[in-house]
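Colleague: Before we start, here is the structure in question, set down as structure tokens.
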Amino acid sequence: MKLTGAEMVLKSLLEEGVEKVFGYPGGAVLSIYDVLYDEPQLEHILTRHEQGAAHAADGYARSTGKPGVCIATSGPGATNLVTGLATAYIDSVPMVAFTGQVATSMLGTDAFQEADITGITVPITKHNYLVQDVKDIPRIIKEAFHIATTGRPGPVLIDIPNDVQADMAEFEYPSEVNLRGYKPNYSGHGLQIKKASQAIEEAERPVIYSGGGVIASGGAEELRELARKAQIPVTTTLMGLGAFPETDELSLGMLGMHGTEQANYAITDTDLLIAIGARFDDRITGKLEEFAPEAKVIHIDIDPAEVSKRVAVDIPIVGDVKTVLAELNQMVKEQDHQEWYQQIQEWKEESIVTQPPIAGKLTAKKVINEIDNLTDNDQVVITTEVGQNQMWAAQYHRYTQPRSFASSGGLGTMGYGFPAALGAQMGNPEKDVFCIAGDGSFQMNLQELATAVSYELPVNVIILNNHYLGMVRQWQQLFKERRYSSTCLRKRKSCPDNCAAPGDDCPEMTPNFVKLAEAFGAVGIRVTEAEDVRGALERAIASPKPVVLDFIIEEEENVFPMVPAGGAINNMILGEGN
Amino acid sequence: MRHTVSVLVANKSGVLARIASLFSRRGYNIDSLSVGTTEDQEVSRITIVVEGDEQVLEQVTKQLNKLIDVYKVSDITNDSSIDRNLALIKVQANLDNRSEIMQIVDVFRGKVVDVAANSLVIEMTGSEEKIEAIEELLRPFGIIELVKTGKIAMVRGEK
Ligand SMILES: Cc1ncc(C[n+]2csc(CCOP(=O)(O)OP(=O)(O)O)c2C)c(N)n1
Ligand SMILES: [Mg+2]
């Protein structure tokens, strides 16, 4: 059967079992949108910005485990995907992005809406393609999904010139891929796994440091088994939240720059660090020489390039986390580490993160604690924006389920959380989706309120409104003598030049988030009193419409613990006083 | 330290840009690079000479291996291999010194491939050191133009 290139794209997507695509039309994808017009099996979600489409596809992927798909036109449409691709790439999220391109005869002529998107995205995609012959479309799409979802997952971009979308050829979807240069290795080396099991047996103060790779591989169950069998405490990265239940006695919470005291102390004192699907990011390790200084290191990861990249590893195991852990669990003996466990309990009792919120004050902690109280983790997805809101969302909510949390960890993309929440809601229609946002970040993709309203997505946007670009303000407060340079979001022309102190006579915040929500046809609720938090959240959860909750929180609330950049991770600032 | 990295890649557009990008993002300057097809039409070999510390190079090698279009990467710096560079050197020459220049070329087993009234073009193949050495000896006569290829290399024996 002969099909046009555009028809092949659609057929191939159906072959791959794709149900939702996020995108935005334009001249160079006219043919693709034409075939989408009357296709009942594939729902296209029109976002209001291509960046929104990319993040929505990403949120869909992180919350479901299925690849996210997005489409954009050539030129500006394609470049608008760039931040979304970079965000997905650094966090290893499976995505396939389609872009239209000018006709092959016009390539390289600076034609209308031409941008070299394959050139631009070389360093931020796992792979990309410029399709030059319609016959290649089925093979390329098959390969793209294979590459995006196997090994270390990541985004793949396919750029299809206008004329190739219209050209016709015989369509047959390949059943296999044959990529000479791509054969990820899933099973770990047996001898190495044995060595790891021995090291675990000999360790007195072992710690598991688990990252996003545990979730990506679907290995959360195996991780739990390992931890419980050998009684090893577990700390997770931001990307790894949910891989291990934070309600479990063995959980240390998150580690790193804004990690818990117990996690960072445990890393410093451990004699065996078991890194699983994690990559020793600088936000995790702080000063490298003082990261797990006494420990033997086991590192399990599917990506050989991650092994010994930043930290010398004693027992590297290159392979799929789930597969390797399953094998390791067979060998590991039951153990307990009473003394170590006691020590950890002591640290936990003193931890500031676990203290209840200050009574009567509307703080971020109060809001997030209430969300935690009101919901079951297996019934929610929480996405975050970037900044203090993100760290509070990570610290104060207890995650117990993989894929219940989506946040831009590696790139730290403001504007990620809200569109990602829409993607997560699309992929999990039965769940309550919360986007924990900052008043700054939300403004980076708030146009997607129109998408949320149009598609009747009942997401809840929790704005922790501190009237500041809070995380930057925190750094200015701590390291730049409170010189609040361009971080106050209420600042007007009439304000004094160098204001470092919010007060009662400050101008009103713009925008008015409640009116903004209403203008889009969503619900807006402002909360200024601690006692109203619960009621407002209940109203939002019950609402079939998208809700924007504007929580006016303490202006200068800070994120603690905090390890100053480049410092040792056991050297934490625990509060204003020190 | 200087490394010679030999990379087998798919012979298609865009591959070189991907490889170059892995070096440039780390601020590495590629000293020399040569690309050509191999006995298999669909495969090209890229030989890259680059200066860099051991650890960063190991990381670049691993990243190269991750590229879908890269089939094989070998750091052949310490392997026993045959290395060749080709240089064309245009040097000022007149009747008085022409024979002196030709003697030098002879010693290095180079070739004179063009003779003009005031210049000679010399073709030279060999290791980098050899080419550098003749360059040094010819400099006093006045080098008008110098063109060098990147290094190509082949590991000895069956490997
Ligand atoms: C796109 C982008 N631009 C700039 C930054 C730098 N940045 C990191 S956190 C932050 C402040 C975010 O403010 P807000 O969304 O209000 O969150 P808060 O920290 O107040 O919770 C900024 C500007 C970023 N991460 N992303
Ligand atoms: Mg803020």
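Colleague: Under Stokes-Einstein, with the Kirkwood radius over Cα pairs standing in for Rh, what whole-number D in µm²/s applies to the range A:395-444 at 25 °C and 0.890 mPa s?
Modeller: 207
Colleague: May I ask you to evaluate 6.51 cos²θ - 1.76 cosθ + 1.60, the Karplus curve with θ = phi - 60°, for each residue of the range A:469-485 and list the ³J(HN,Hα) values in order in whole Hz, giving x for glycine and proline?
Modeller: So the Karplus estimates, Gly and Pro as x, are 6, x, 5, 5, 4, 4, 5, 5, 5, 7, 10, 10, 6, 6, 7, 7, 7 Hz.
Colleague: Follow-up question, since we're still on this one. What aspartates and glutamates sit close enough to B:Lys130 to cross-link, taking a C-alpha to C-alpha distance under 12 Å and skipping anything fewer than 8 places away on the same chain?
Modeller: Those aspartates and glutamates meeting the cut-off are B:Asp83.
Colleague: Tell me which residues come under 5 Å, amide H to amide H, from B:Leu86 once H is placed; ignore anything under 5 positions away on its chain.
Modeller: Placed amide hydrogens put B:Thr149 under 5 Å from B:Leu86.
Colleague: Can you give the Kirkwood hydrodynamic radius for the range A:310-369, in Å, rounded to one decimal and based on Cα pairs?
Modeller: 16.3
Colleague: Which percent, nearest 5, of DSSP beta bridges in the protein assembly as shown are antiparallel?
Modeller: 40
Colleague: What's the FRET efficiency of A:Met331 with B:Ser80 using the Cβ-Cβ distance as r and R₀ = 30 Å, to the nearest 0.05?
Modeller: Once the sixth-power term is evaluated, E becomes 0.15.
Colleague: Using amide H atoms built in the peptide plane, which far-off residues or other-chain residues are under 5 Å from A:Ala406 H to H?
Modeller: A:Ile382, A:Thr383, A:Thr384
Colleague: Further question: Excluding ligands, DNA and RNA, what is the solvent-accessible area per residue of the protein assembly as shown at a probe of 1.4 Å, expressed in Å²?
Modeller: Per residue, the protein assembly as shown has an accessible area of 42 Å².
Colleague: What does the charge add up to near A:Asp314, with Lys and Arg as +1, Asp and Glu as -1, over the other residues with Cβ less than 11 Å from its Cβ?
Modeller: Net local charge, A:Asp314 excluded: +2.
Colleague: Helix-only estimate, please: 222 nm mean residue ellipticity of the protein assembly as shown, summing -39500 (n - 2.57) across DSSP H runs of length 4 or more and dividing by its residues, to the nearest 500.
Modeller: -9500 deg cm²/dmol
Colleague: What fraction of the Cα pairs in the range B:9-69, stated in percent, has a spacing above 17 angstrom?
Modeller: 38
Colleague: What is the mean projected area of the alpha carbon convex hull for the range A:190-350, to one decimal in square nanometres?
Modeller: 7.9
Colleague: Specify, per residue and in Å³, the volume enclosed by the convex hull of the alpha carbon atoms belonging to chain B.
Modeller: Spelled out: Cα convex hull of chain B, divided by residues, is 139 Å³.
Colleague: Taking K and R as +1 and D and E as -1, what net charge do the other residues with C-beta under 13 Å from the C-beta of A:Asn570 add up to?
Modeller: That sum, taken over residues with Cβ under 13 Å, equals -4.
Colleague: Rg (Å, one decimal) plus Dmax (Å, integer) for the alpha carbons of the range A:354-423?
Modeller: Answer for the range A:354-423, Rg first and Dmax second: 12.4, 36 Å.
Colleague: I would also like to ask the following. For the range A:39-148, how big is the tail of P(r) above 18 Å, as a whole percent of Cα pairs?
Modeller: So the pairs more than 18 Å apart make up 50 percent of the total in the range A:39-148.
Colleague: Continuing with this model, one more query. Which residues' amide hydrogens lie under 5 Å from the amide hydrogen of A:Ile158, considering only partners 5 or more residues apart or on another chain, with H built in the peptide plane?
Modeller: Those qualifying (amide H under 5 Å, at least 5 residues apart or on another chain) are A:Ala97, A:Phe98, A:Thr99, A:Tyr129.
Colleague: Placing one identical point scatterer on every Cα of the range A:508-578 and ignoring solvent, what is log10 I(q)/I(0) from the Debye formula at q = 0.19, 0.20, 0.27 Å⁻¹?
Modeller: For the range A:508-578 at q = 0.19, 0.20, 0.27 Å⁻¹, log10 I(q)/I(0) is -0.80, -0.83, -1.19.
Colleague: For chain A, rounded, prolate or oblate, judged on the Cα gyration tensor with a ≥ b ≥ c (square roots of eigenvalues), a/c < 1.5 rounded, else prolate if a/b > b/c?
Modeller: Verdict is oblate for chain A.
Colleague: Which parts of the range B:1-41, residue by residue, lose 50 Å² or more of accessible area when the rest of the protein chains are there, as against the chain isolated (1.4 Å probe)?
Modeller: B:Arg18
Colleague: Roughly to the nearest percent, how much of the accessible area of the range B:2-75 is carbon and sulfur, given a 1.4 Å probe?
Modeller: 46
Colleague: Separate question: To the nearest 0.05, how large is the calculated FRET efficiency for A:Thr104 and A:Asp282 if R₀ is 56 Å and r is the Cβ-Cβ distance?
Modeller: 0.85
Colleague: Averaged across orientations, what area in nm² does the convex hull of the alpha carbons in the range A:261-364 project?
Modeller: Over every viewing direction, the Cα hull of the range A:261-364 projects on average to 8.9 nm².
Colleague: Also: Give, ordered by residue number, each residue of the range A:110-135 whose 1.4 Å probe accessible area is reduced by a minimum of 10 Å² on adding the remaining protein chains to the chain alone.
Modeller: Checking the loss per residue gives A:Val122, A:Pro123, A:Lys126, A:His127, A:Asn128, A:Gln132.
Colleague: Sum up the charges of everything whose Cβ sits under 14 Å from the Cβ of A:Leu30, counting Lys and Arg as +1 and Asp and Glu as -1, but leave A:Leu30 out.
Modeller: Once all neighbours under 14 Å are counted, the net charge is -3.
Colleague: Note down, for the range A:410-486, the three equivalent ellipsoid semi-axes (square root of 5 times each alpha carbon gyration tensor eigenvalue), biggest first, whole angstrom.
Modeller: Largest first, the range A:410-486 gives 30, 11, 10 Å.
Colleague: Just the number, please: carbon plus sulfur as a percent of the accessible area of the range A:266-313, 1.4 Å probe, no ligands or DNA/RNA counted.
Modeller: 45
Colleague: State to the nearest 20 debye the size of the charge dipole of the protein assembly as shown about its Cα centre, where the only charges are +1 on K and R beta carbons and -1 on D and E beta carbons.
Modeller: 880
Colleague: Chain pair B, A: how much accessible area is buried, both chains summed, with a 1.4 Å probe, in Å² to 100?
Modeller: Buried area between the two chains comes out at roughly 1400 Å².
Colleague: Tell me whether the range A:129-213 comes out rounded, prolate or oblate; compute the Cα gyration tensor, take square roots of the eigenvalues as a ≥ b ≥ c, and use a/c under 1.5 as the rounded threshold.
Modeller: Note, shape of the range A:129-213 comes out prolate.
Colleague: Expressed in whole Å with the largest first, what are the equivalent ellipsoid semi-axes of the range A:364-552 derived from the C-alpha gyration tensor as the square root of 5 times each eigenvalue?
Modeller: Each semi-axis is √(5λ); the values are 27, 18, 15 Å.
Colleague: Moving on. State which stretch of chain A is the longest one without any exposed chymotrypsin sites (Phe, Trp or Tyr not before Pro), exposure meaning a DSSP loop state and at most 14 other Cβ atoms within 10 Å.
Modeller: The longest uninterrupted stretch comes out as A:113-578.
Colleague: Over the range A:1-114, what percent of the accessible surface lies on carbon and sulfur atoms, probe 1.4 Å?
Modeller: Carbon and sulfur atoms account for 51 percent of the accessible area of the range A:1-114.
Colleague: Whole angstrom only: what separates the Cα centroid of the range A:307-341 from the Cα centroid of the range A:268-296?
Modeller: Computed from Cα coordinates, the inter-centre distance equals 14 Å.
Colleague: Continuing with the same structure: The range A:166-264: which GluC sites (Glu not before Pro) are DSSP loop and have at most 14 other beta-carbon atoms within 10 angstrom?
Modeller: Passing both the DSSP loop test and the Cβ count: A:Glu172, A:Glu176, A:Glu204, A:Glu249.
The values are calculated or read from the model by the stated rules, or taken from the named source; none is laboratory data. Small disclaimer: the values here were computed from a predicted structure and weren't measured. Here Cβ is always computed from backbone atoms with ideal geometry, including for glycine, and neighbour counts include all displayed protein chains. We work out accessible area using only protein heavy atoms, side chains counted, and drop any ligands, DNA or RNA first. Shrake-Rupley method; radii C 1.70, N 1.55, O 1.52, S 1.80 Å.
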